[in-house]
Structures are given as structure tokens and as C-alpha cells.
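Structure record follows, encoded as C-alpha cells.
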Amino acid sequence: MLLHILLSTHNPLEDYPTYHQLLQICIHKKALSLGKKVHSYITHRRFSFATRTTLHNKLIYMYVKCGSLVDARNVFDHMRERDVVSWNTIIAAYKRHGCPHEAVTLFHCMQQTGLQPDRFTVASILPACAKIGALEQGMDIHKSIKDTGILSDVVVATALINMYAKCGSIDKARELFDIIPQRDVFSWTAMIAGYTQNGFVEKALETFNQMQLAGVRPNSTTFVSILPACAKMGALEQGISIHQSIKDIGILSDIVVATALADMYAKCGIIDKARELFDEMPQRDVFSWTAMIAGYAQNGFFENALETLKQMQLAGVRPNSTTFASILPACAKIGALEQGMHIHQRIMEGGFLSDIVVGNALLDMYAKCGSIDKARELFNRMPQRDVISWNAMISGYAQNGFDEKALETFKQMQLAGVQPDSTTFVSILPACAKIGALEHGYAQNGFVEKALETFKQMQLAGVKPNFTTFACVLCACSHAGLVDEGCTYFNQMSNSYSITPTIDHYVCMVDILARAGYLEHSLNFIIKMPVEPVVVVWTSFLSACRLHMNIGLGVFTATLLFDLDPKNAATYVLLSNIYAELGRQDEVQMVRRLMKDREIKKIPGCSWIEDQKMVHVFCVGDRSHPQTHEIYAELEKLAWEMKAAGYFSDSKQLLNDVEEEEKDLFLCHHSEKLAIAFGLLNTHPETTIRVVKNLRVCADCHTATKFISKIVAREIVVRDANRFHHFKQGECSCGDYW
């Protein structure tokens with residue numbers, strides 16, 4: 001009432017203390033409408049710049065406290081002068097309202113004005129950096145305050161520790177923690193939470209014990225941070241000890257602490273104790289209900305999990321995404337399709353279907369309950385899919401007997417650029433074995449050890465390999481140059497499994513022996529084959545002759561291939577390459593004349609890359625792309641950086657694979673290099689660049705791509721005619737053996 005009287009007088013109050021007091025009352029009462037009236041009077045009064053800035057800062061704070069971030073930003077944007085308090089208030093406001101990106105942007109704007117951040121600025125902006133994983137910005141802030149004295153403030157140091165930990169730089173967090181002159185409960189807790197969140201649960205427990213030895217009393221956040229570490233390690237005894245400490249301190253009534261404690265007991269397999277704690281809670285929120293449901297599901301009490309969900313709903317507590325992700329596996333385990341469909345409906349009503357974790361759990365439930373069409377329908381509608389989504393669909397098809405569909409989905413997974421993991425291999429290999437899918441083993445991706453390990457797991461699981469399984473295994477050996485292993489597996493086929501080798505297995509064995517340099521052994525193997533060697537056998541052998549520069553066997557093989565398949569350009573190119581690398585240019589020209597006379601044309605190399613659902617195709621020396629200028633400029637820049645890093649072009653390749661008029665284009669402007677340059681210009685710096693090429697990648701481009709991957713700190717995946725090449729930090733998954 002007093003505010004109404006004061007603001008309705010004909011002589012508006014003019015003194016600063018009164019306005020300041022009025023705004024303070026609005027803040028305390030959260031009186032937004034009255035605060036706006038005070039704002040109106042301030043706008044029409046004349047104050048000194050300093051006074052007006054102080055009042056505007058108070059206005060910003062008032063609007064923030066009253067929940068009107070838009071009005072707060074409007075005041076800030078119209079201020080003639082801003083001080084550190086102005087920036088601190090608006091940055092903190094965006095951070096508290098869940099807008100960390102805007103908070104970071106504002107901080108950069110503040111720096112551009114020349115204002116130096118103080119402890120309050122840093123304490124606000126670092127949590128925002130932590131929220132969005134902005135490690136580089138956080139490190140820049142750390143550097144900027146090193147010599148200011150702010151770092152000695154335990155609040156600032158704790159915020160830095162928290163930022164480093166949440167951005168995954170746990171070693172940097174520990175380094176900073178160790179040099180703090182004084183540590184309080186908050187700094188200890190930040191370190192413990194950091195270890196837990198990054199999976200270093202043993203370190204978390206060790207740090208918790210050090211904290212107690214240092215005489216620092218834990219608070220509720222400390223316990224909530226350490227209990228998940230006990231759960232992950234199965235450290236029940238320490239968990240029980242912590243439970244006693246919680247009771248001694250008297251914070252067991254804290255619902256967050258009690259929930260963490262119940263979750264710890266459930267994850268350690270003591271479900272009855274978890275339920276006891278749950279029943280004793282004076283109040284329960286969605287997190288405590290979810291912890292109980294997840295506990296039942298994880299311990300195999302699926303019916304109890306479903307019953308607890310019903311109780312939760314009767315109690316009027318709305319499930320969240322974690323609740324749904326926890327209950328759906330229970331439906332899957334007992335084939336409760338009807339309950340699962342009902343939960344699906346609740347998920348849609350709650351708007352959780354876009355959550356990928358929930359979507360994956362729902363997809364897996366339908367697949368395991370035998371409703372594979374419903375699973376596929378859901379899969380097709382998912383706004384985003386990760387490796388878990390693809391695995392659920394692949395295993396769902398395989399488990400329901402749709403092996404060809406499983407393989408087809410696996411192909412789609414590769415085309416989508418999703419990296420398979422061990423679960424993918426375990427799901428797809430039995431399907432390959434059933435339908436005879438030779439070319440789809442993972443050797444192609446360079447995961448030879450995983451492929452062979454999965455084969456061993458398949459044998460241990462009692463799944464009998466067939467001729468296709470062995471073709472996949474031999475292909476893996478071929479890609480890695482595992483001669484002894486390849487011979488062993490080849491012999492196992494007939495000796496252990498009574499499987500008669502087919503032409504596919506013979507091709508793999510020829511390739512294993514020849515590419516490893518055992519050309520004479522490989523030739524003898526071909527001669528002794530019980531089946532007629534087809535073109536691909538001799539082409540594989542000729543490729544090895546070129547690799548090891550054996551001109552005698554190379555000419556012999558090429559002559560055979562000219563009779564078997566006179567129109568195959570690969571034979572002419574391989575023979576020409578052998579002559580060129582030996583410097584025999586007369587013979588090179590002879591082969592090229594032969595190609596011209598017989599009208600044999602080499603297949604032009606081309607590469608393509610997808611960006612924003614558009615496919616961009618490049619050929620050697622291509623200048624037809626709208627971004628040609630930028631692409632060639634990027635290649636020129638990379639060329640200088642590569643040379644500085646020690647790269648030398650392969651001049652032999654310059655002579656081998658191209659006509660004379662293409663020499664100036666070949667090395668710098670090969671199709672995959674153009675595609676990679678396009679990818680660097682048009683994709684996010686943290687994403688993987690994926691290129692497909694219709695021919696085998698040449699040695700020079702292979703070397704260049706290794707250098708590029710290290711220079712730009714990007715993973716580059718090139719799928720050539722033979723296999724996938726995963727380039728990362730200057731190395732390739734093929735181990736330079738392709």
C-alpha cells in the first residue's frame with residue numbers, strides 16, 4: 001500500500017536512496033508490476049551518470065529476481081554506461097536462467113569493452129562454460145586471471161575446478177586443486193564430483209577419504225557426489241559407513257541425499273534396504289521414485305518395477321525421461337508389450353519421444369517383444385540416432401529371424417557414418433553366417449582385432465561358423481597381413497568344421513600370401529587350387545606383383561589377364577604402374593598405346609561427400625563446384641602446413657596413374673583431397689569428415705590425409721573400393737596396409 005501511495009503522488013520522489021529502497025522492496029516482494037512503475041519514474045528523472053548506472057543495475061537485478069529476463073536485458077541494452085556490476089548482473093542472470101551460451105557471449109562482449117572481470121564475474125561465467133563444455137573459453141579465463149590475485153579466492157578456484165572437471169579435463173582440475181592454499185567443503189566436493197562424473201570412481205573415494213582426514217565435514221552435496229561412486233564400484237561397506245555419517249549429521253531427511261543412498265543400495269544389489277529407505281522418506285519426488293523403479297529393474301524384479309510405476313502414478317508424480325528409460329527394459333525382459341505400448345503413449349503425451357535415450361529404450365522394447373514392424377516405424381521417425389539405436393534395430397531383426405533385414409540395416413548404418421562397436425559385431429556376424437554375406441565382415445573398417453575377437457566369442461557362444469563366417473575372418477587377416485593366422489583359419493575350415501572352401505576363400509588366401517610378399521607361395525597356391533582361378537584371383541595377384549615390383553610375374557599375370565578379360569582397364573593400369581615405377585617409360589607408352597588401340601578407358605577417379613543432405617561429387621582437378629575458389633585456397637594452405645610438418649609428395653604416383661596432361665593436377669587436386677577440403681570448409685570443427693571414393697585410394701593421398709588429420713585435429717573417414725580408412729591424429733586404421 002505504501003508503494004502505491006508513494007508512486008501516485010504528484011511530486012515524484014527524486015532522491016536516490018528512496019528509489020533504491022523502493023527497488024529493494026520490489027525485489028523482496030517480487031512485485032514486478034510495482035517495479036515497472038518505479039522504473040518508469042526513474043526513466044523520467046535526471047541523475048548523474050554514476051547514480052543512474054547504479055539504479056539501472058538495481059533495476060536489472062529487480063527484473064531478474066521477479067523472473068523477467070526480457071525486461072532485465074532491455075534495461076541493460078539501453079544503458080549509456082555500464083560498469084562491472086552491470087555485466088556481472090546480466091551474465092549471472094542468463095547463467096541462472098539456463099542460457100549458458102548467451103552468458104558466454106556477453107562475457108566476450110564485456111572483455112571487448114576493456115573492463116576487467118572480478119571474482120563475481122568469474123564465479124558466474126565459469127559454471128556457464130562448464131554447462132556447455134566450453135573448455136577453451138574456460139582456459140582463456142583461467143589464463144586471464146592468473147596474475148590478478150583473483151585465483152587465490154577459494155570460490156573462484158572452486159569454480160575453475162568444477163569447469164575443468166565438467167569439461168572432462170580432470171587432470172587439470174586436480175592440478176589446480178592441489179595448489180589451492182585453503183580448501184573448503186565446496187572445493188573438496190567439486191573434486192569428488194569431478195572424479196565421479198568422469199568415471200574415476202576409485203579416485204573419488206580416495207579424495208573423499210582425504211577430505212575426512214583433513215577434518216573437513218562433508219555436506220549434502222558431498223554425499224550426493226560420493227554415493228554414485230560407491231554404487232559404480234559396488235563399495236557396499238563404504239556406502240554403509242557413509243550412511244551412518246549421514247545419520248550422524250542429521251541430513252537423512254534431505255530427499256536428494258536419501259535418494260542417492262537408496263540408489264547406492266539398489267545398485268549394490270541390496271534392494272530391500274533401498275526399499276526400506278524409500279518407504280521412510282517423508283516425501284518423494286520423481287527422482288526417488290525413478291531410483292526405486294530402476295533399482296528393481298536392474299536387479300531383475302521386473303514386476304516390482306512395473307508395480308512401483310503404478311504407485312508413482314497414483315501418487316500424482318509425473319515420470320521423467322529417466323523413469324521411462326528405466327521401466328522399458330523391464331517390459332522388454334518379460335515381454336510386456338501391452339504395458340510397453342501404454343508407456344509409449346505416456347511418453348508421447350509428456351513430450352519425451354525426442355529424447356534419444358528414451359527412444360532407444362522404446363525401440364529395444366518393441367524389438368524384444370517381437371513387434372519388429374513397430375520398432376522399425378519408431379526407428380524411421382527418430383529425429384536422431386546413435387550407435388545404440390542402430391544396434392537395437394540390427395539385433396531386433398537378427399533375434400526375430402530377419403537376417404537379411406539386419407544386414408540391410410547394417411549397411412544403412414555405415415552409409416549414415418555411424419561407427420559400429422562390439423555390440424554391432426556380435427549382432428551382425430551370426431546374421432552374416434546365416435545368409436552368406438561375405439563382403440560385410442569389419443576388417444573393412446580396420447577393426448581386425450575386434451573382428452577376430454568377435455569370431456572367437458561366436459565360437460565360444462556355440463554358434464557354428466559357416467563358409468561366409470570364414471570368408472569374413474580371412475578377409476580380416478588379409479587386411480592386416482596376418483599370414484600365419486590366415487593359414488590357420490583356412491585349414492580350420494575343412495579340418496575342424498568340414499567346410500569346403502569356395503572361390504571366395506581362395507581369393508582371400510591368394511591376397512593374404514601375395515600382399516605379404518610371398519608371391520611364389522601364392523602362385524603355387526593358385527596353380528594347386530581345385531577350382532578354376534577366375535579373373536579376380538589373377539587381378540589380386542597382379543596387384544601384389546605391382547606392390548612388390550616383381551616385373552617377371554607381373555608381365556606373366558598381365559598376359560593371362562589380357563586373354564581372360566581383355567577389356568579390364570585395371571590390368572593395363574597395374575602393368576603400366578609396374579613399368580613406370582621401374583623407370584621403363586618406353587614400356588609405359590607401349591601399354592598406353594595398347595589401351596588406346598583397344599579403346600580401353602581407365603575409370604576416372606571420383607569422390608563424394610554429403611553435407612546437409614546434399615551429395616557433392618569431385619573428380620581430379622575439378623573446378624565446377626560453386627566453392628571452387630575457397631576449396632583450392634584451402635588446399636594451398638594445407639599444402640604449406642603439410643610441408644612444414646614433413647610431408648613430401650609421392651613423385652612415383654605422379655608418373656603412374658595419370659596421363660601427361662594431368663601431371664600438374666594429380667597430387668594436389670586428386671578427388672578425395674578436393675572432397676576433404678570441402679568438408680573442412682563446410683562442416684563443424686568437431687565433426688568427422690566422411691568421403692567415399694570409387695577407386696582404391698592412392699599412396700600419396702593416403703599419406704596426405706594422415707598429415708591433414710593431424711594438422712586440423714579432425715577424424716577423416718575415406719571409403720575406397722577396398723575398405724574404410726579411419727584417419728586420426730596422423731594415423732590410419734589400416735596401418736598403411738591396404
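Answer with yes or no whether Lys95 is in contact with a Ser or Thr (Cβ under 7 Å, 6 or more places away or on another chain) and assigned to a helix (DSSP H, G or I). Against the criterion (in contact with a Ser or Thr (Cβ under 7 Å, 6 or more places away or on another chain) and assigned to a helix (DSSP H, G or I)), Lys95 qualifies.
Test of understanding: among Arg96, Arg119, Arg73, which residue is closer than 23 Å to Leu32 by Cβ, of a type in the set (D, E, K, R), buried (at least 17 other Cβ atoms within 10 Å of the Cβ) and out of contact with any strand residue (DSSP E or B) (no Cβ under 8 Å at 6 or more places or on another chain)? After ruling out the rest, the residue left standing is Arg73.
Cys109 meets the conditions (1) under 30 Å from Lys143 (Cβ atoms); (2) buried (at least 20 other Cβ atoms within 10 Å of the Cβ); (3) modelled with pLDDT of 90 or more; (4) out of contact with any Leu (no Cβ under 9 Å at 6 or more places or on another chain) in every case but one. The failed one is (2). Only one entry of Met233, Met264 meets the criterion of being closer than 26 Å to Val358 by Cα and modelled with pLDDT under 90, and that entry is Met233. Take Asp700 and decide whether it is modelled with pLDDT under 90, surrounded by 22 or more Cβ atoms within 10 Å (Cβ to Cβ) and of a type outside the set (A, V, I, L, M). Yes: the conditions hold for Asp700. With the structure loaded, tell me whether Asp511 is in a helix (DSSP H, G or I), at pLDDT below 90 and among the acidic types (Asp, Glu) or whether it fails that test. Here the answer is no, as Asp511 does not meet what is asked. A count restricted to region 379-410 and to residues that are over 16 Å from Lys368 (Cα atoms) and of a type in the set (Lys, Arg) stands at 2. Of the set (1) modelled with pLDDT of 75 or more; (2) more than 30 Å from Gly735 (Cβ to Cβ), all apply to Gly401 but (1). Scan region 461-502 for residues that are polar (S, T, N, Q) and either closer than 24 Å to Asp720 by Cβ or within 33 Å of the chain's Cα centre (by Cα) (or both) and jot them down. Listed by number, the residues that qualify are Thr468, Thr469, Ser478.
Of the residues that make up region 613-622, is at least one farther than 30 Å from His548 by Cβ and touching a residue at least 60 places away in the same chain (Cβ under 8 Å)? There is at least one residue in region 613-622 that is farther than 30 Å from His548 by Cβ and touching a residue at least 60 places away in the same chain (Cβ under 8 Å).
Counting only helices (runs of 4 or more DSSP H) that fall entirely inside region 319-381 and contain at least 1 residues that are in contact with a helix residue (DSSP H, G or I) (Cβ under 9 Å, 6 or more places away or on another chain), farther than 18 Å from Phe302 by Cα and among the basic types (Lys, Arg), the qualifying elements are 337-350, 372-381. Scan region 146-172 residue by residue and report those that are of a type in the set (Val, Ile, Thr) and surrounded by fewer than 17 Cβ atoms within 10 Å (Cβ to Cβ). Residues satisfying the conditions are Thr148, Val154, Val155. Has region 502-511 got any residue that is under 21 Å from Ile578 (Cα atoms), touching a helix residue (DSSP H, G or I) at 6+ places or on another chain (Cβ under 8 Å) and of a type in the set (Ser, Thr, Tyr)? Checked region 502-511: no residue is under 21 Å from Ile578 (Cα atoms), touching a helix residue (DSSP H, G or I) at 6+ places or on another chain (Cβ under 8 Å) and of a type in the set (Ser, Thr, Tyr).
Is it the case, given these coordinates, that Ser152 is in contact with a helix residue (DSSP H, G or I) (Cβ under 6 Å, 6 or more places away or on another chain) and among the hydroxyl-bearing types (Ser, Thr, Tyr)?
Against the criterion (in contact with a helix residue (DSSP H, G or I) (Cβ under 6 Å, 6 or more places away or on another chain) and among the hydroxyl-bearing types (Ser, Thr, Tyr)), Ser152 does not qualify.
Could you grab me the full set of residues in region 111-121 that are assigned to a helix (DSSP H, G or I) and hydroxyl-bearing (Ser, Thr, Tyr)? Thr121, the sole residue that qualifies. Restricting the search to region 21-41, which residues are buried (at least 16 other Cβ atoms within 10 Å of the Cβ), over 47 Å from the mean Cα position of the chain (by Cα) and closer than 20 Å to Trp87 by Cα? Result: Leu23, His39. All conditions in (1) crowded, with 22+ Cβ neighbours inside 10 Å; (2) more than 30 Å from Glu587 (Cβ to Cβ); (3) not polar (S, T, N, Q) hold for Val531, with the sole exception of (1). One residue stands out among those in region 45-58 that are closer than 13 Å to Trp87 by Cα and either modelled with pLDDT of 90 or more or of a type in the set (D, E, K, R) (or both): the one that is surrounded by the most Cβ atoms within 10 Å (Cβ to Cβ), which is His56.
For every residue, the table says whether it meets (1) assigned to a helix (DSSP H, G or I); (2) in contact with a helix residue (DSSP H, G or I) (Cβ under 9 Å, 6 or more places away or on another chain); (3) under 18 Å from Ala451 (Cα atoms); (4) at pLDDT 90 or above.
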position: Arg385; (1), (2), (3), (4): no, yes, no, yes
position: Trp390; (1), (2), (3), (4): yes, yes, no, yes
position: Met393; (1), (2), (3), (4): yes, yes, no, yes
position: Tyr397; (1), (2), (3), (4): yes, yes, no, no
position: Lys405; (1), (2), (3), (4): yes, yes, no, no
position: Gln412; (1), (2), (3), (4): yes, yes, no, no
position: Gln419; (1), (2), (3), (4): no, yes, yes, no
position: Thr424; (1), (2), (3), (4): yes, yes, yes, no
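Of the set (1) more than 25 Å from the chain's Cα centre (by Cα); (2) crowded, with 16+ Cβ neighbours inside 10 Å; (3) farther than 28 Å from Leu236 by Cα, all apply to Glu175 but (2). Of the helices (runs of 4 or more DSSP H) entirely within region 122-238, those holding at least 1 residues that are free of Cβ contacts under 8 Å to residues at least 24 places away in the same chain and on the phi < 0 side of the Ramachandran plot occupy 135-145, 170-179, 201-213.
The values are calculated or read from the model by the stated rules, or taken from the named source; none is laboratory data. Source: prediction; values computed, not measured. Using ideal geometry, Cβ is built from the backbone for each residue, glycine included, and neighbour counts are taken over all protein chains shown.
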